[in-house]
Amino acid sequence: ISAASIIAKCHRDALMQAAHLQFPQYGFHQHKGYPTRAHMTALQRYGPCDIHRRSFAPVKAAQQSGLFL
């Protein structure tokens, strides 16, 4: 199980590196999609992008408000 977890994390990190190329303003290469302060600030500023999980509360709130900085 622990090996699968490591493989999954490495795969996710690679996906986030690729996402950074498509959406550089979010800084996915640094926070890997975790809800860091920088990620939440980018979400508020730019709104959700195509890869944001719409069921995640901060994404849903940003999407519903439509008020991006």
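Residue pairs whose Cβ atoms lie under 9 Å apart, sitting 6 or more positions apart in sequence or on different chains, and linking a residue in the stretch 41-61 that is in contact (Cβ under 8 Å) with a residue 12 or more places away in the chain and closer than 17 Å to Gly27 by Cβ to a partner that is basic (Lys, Arg) and open to solvent by 40 Å² or more (accessible area, probe 1.4 Å), are Pro48/Arg54; Pro48/Lys60; Val59/Arg53.
The set of residues in the stretch 2-39 being surrounded by fewer than 14 Cβ atoms within 10 Å (Cβ to Cβ) and within 9 Å of the chain's Cα centre (by Cα) consists of Tyr34, Pro35. Counting the residues of the stretch 13-34 that are closer than 17 Å to Val59 by Cβ and charged (D, E, K, R) gives 1. The set of residues in the stretch 42-64 that are open to solvent by 60 Å² or more (accessible area, probe 1.4 Å) and either more than 11 Å from the chain's Cα centre (by Cα) or not aliphatic (A, V, I, L, M) (or both) comprises Gln44, Arg45, Tyr46, Asp50, Arg53, Arg54, Ser55, Phe56, Ala57, Lys60, Gln63, Gln64. Just wondering, is there one or more residues in the stretch 26-40 that are in contact with an Asp or Glu (Cβ under 8 Å, 6 or more places away or on another chain) and assigned to a loop (DSSP other than H, G, I, E, B)? Yes, there is a match, as at least one residue in the stretch 26-40 is in contact with an Asp or Glu (Cβ under 8 Å, 6 or more places away or on another chain) and assigned to a loop (DSSP other than H, G, I, E, B). When Arg12 is tested against (1) among the basic types (Lys, Arg); (2) in contact with a helix residue (DSSP H, G or I) (Cβ under 8 Å, 6 or more places away or on another chain); (3) outside any loop (DSSP other than H, G, I, E, B), just one condition goes unmet, and that condition is (2).
The values are calculated or read from the model by the stated rules, or taken from the named source; none is laboratory data. This one's a predicted model, so the numbers in the text were calculated from it and none came from an experiment. Please note: Cβ atoms are built from the backbone with ideal geometry, for glycine as well, and neighbour counts cover all protein chains shown. Please note that ligands, DNA and RNA were not included when accessible areas were found on the heavy atoms of the full protein model with its side chains. Shrake-Rupley method; radii C 1.70, N 1.55, O 1.52, S 1.80 Å.
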